[in-house]
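*Asks:* Have a look at the structure that comes next, please.
The values are calculated or read from the model by the stated rules, or taken from the named source; none is laboratory data. Owing to the predicted nature of the structure, the values given are computational and were not obtained by experimental measurement. Cβ placement follows ideal geometry from the backbone for every residue including glycine, while neighbour counts extend to all protein chains displayed. Each accessible area value is taken on the protein alone, full model and side chains, heavy atoms only, with ligands, DNA and RNA left out. Shrake-Rupley method; radii C 1.70, N 1.55, O 1.52, S 1.80 Å.
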Amino acid sequence: MNPWTSPPNLLSLLRLVAGPFIAWLIALHEYRIGLAVFFVIGWTDMLDGYLARRYNWSTTLGTYLDPAADKVLLAVVYIWLGLDGALPLLLMWLVIGRDVLILALCGIGYFRYQMDDFAPSAWGKLSTIIQICGALVILTERALPDPLMEALSIVAVGLIAVGTTVSGLHYVWIAVKRWQAVTATRLR
């Protein structure tokens, strides 16, 4: 199967291009449409993984494309939600900073230790789910202002902060352990 036409990769590509479109909707204060698009696009993250496993449609391209699409989607949505005042700027920077940290760790692992396996951790996957759900709650609060949604948004901000921080620290711990193992092997 051509990796560019496999259904999971097409869903990842859709997520990749949807991020800027959703950000544009947020910038225009079209929260209801942005919410609807983000809700549908958010489900593609789970669907592409399911399809790849269920039908053995996994590709090397998909192992890079799927997390890249997640990062682009969440980065642009969180940047625009932060700039729009829908979430604290500190949280926006925490989400973006964790992703930059992960990229830096991957770069160090690749160039310094010749590592090319950068599988997402369970905490990283959980953090992504929390970030997607949190963005949905925050967009819902913007689209349908309500005291209950406002309270849920406050809870979502806390969960996003904790999940992002824990997963970022976990990635640092994993990287250090792997680098130590490579260094110990080289010294033998």
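*Asks:* Expressed as a rounded percentage, what relative contact order does the stretch 105-165 have, with Cα pairs under 8 Å and six or more residues apart?
*Replies:* Details: 31 pairs, mean separation 21.5, N = 61.
It rounds to 35 percent for the stretch 105-165.
*Asks:* Which of L90, L152, T140 sits farthest toward the positive end of the charge dipole of the chain, with +1 on the Cβ of Lys and Arg and -1 on the Cβ of Asp and Glu?
*Replies:* Ranked along the dipole, the leading option is L90.
*Asks:* Could you tell me, in Å, what Rg and Dmax come out for the Cα atoms of the stretch 1-74?
*Replies:* For the stretch 1-74, the Cα-based Rg and Dmax read 12.9, 41 Å.
*Asks:* Quick check: the distance between the Cα centres of the stretch 114-141 and the stretch 56-91, to the nearest angstrom?
*Replies:* 8 Å
*Asks:* In square angstrom, what is the accessible area per residue of the stretch 1-133 with a 1.4 angstrom probe? Could the numbers behind the result be given before it?
*Replies:* On the way: 7380 Å² over 133 residues.
I get 55 Å² per residue for the stretch 1-133.
*Asks:* Within the stretch 43-107, which trypsin sites (Lys or Arg not before Pro) sit in a loop by DSSP and count at most 15 neighbouring Cβ atoms inside 10 Å?
*Replies:* In loop regions of the stretch 43-107 (DSSP not H, G, I, E or B), there are no sparsely surrounded trypsin sites (Lys or Arg not before Pro).
*Asks:* For n ≥ 4 DSSP H runs only, could you compute -39500 (n - 2.57) per run for the chain, divide by its residues and tell me the 222 nm figure to the nearest 500?
*Replies:* -29500 deg cm²/dmol
*Asks:* Extension gain Q114-A151, at 0.36 nm per residue separation less the Cα-Cα distance, in nm?
*Replies:* Extra length available between Q114 and A151 comes to 8.7 nm.
*Asks:* Where does helix 60-83 land angle-wise versus the long Cα axis of the chain, in degrees 0 to 90, nearest 10?
*Replies:* For helix 60-83, the angle is close to 40 degrees.
*Asks:* With the cut-off at 1.5 for a/c, could you classify the stretch 31-129 from its C-alpha gyration tensor as rounded, prolate or oblate?
*Replies:* Taking the square roots of the gyration eigenvalues as a ≥ b ≥ c, the stretch 31-129 is oblate.
*Asks:* Tell me whether the chain comes out rounded, prolate or oblate; compute the Cα gyration tensor, take square roots of the eigenvalues as a ≥ b ≥ c, and use a/c under 1.5 as the rounded threshold.
*Replies:* Oblate, since a/c reaches 1.5 and b/c is not below a/b.
*Asks:* Then there's this: Cβ neighbours within 10 Å, averaged per peptide: list 37-45, 140-148 in order, most packed at the top.
*Replies:* 37-45, 140-148
*Asks:* Compute, for the chain, the length of the dipole vector about the Cα centre, with Cβ point charges of +1 (Lys, Arg) and -1 (Asp, Glu) only. Units Debye, rounded to 20. It would help to have the intermediate numbers written out before the result.
*Replies:* Working: 13 positive and 12 negative charges, 165 e Å.
It works out to roughly 800 debye.
*Asks:* A follow-up question, please. Treating each Cα of the stretch 132-188 as an identical point scatterer and ignoring solvent, apply the Debye formula and state log10 I(q)/I(0) at q = 0.13 Å⁻¹.
*Replies:* Reported log10 I(q)/I(0), two decimals: -0.50.
*Asks:* Roughly speaking, to the nearest percent, how much of the chain's 1.4 Å accessible area is carbon and sulfur?
*Replies:* Carbon and sulfur atoms account for 72 percent of the accessible area of the chain.
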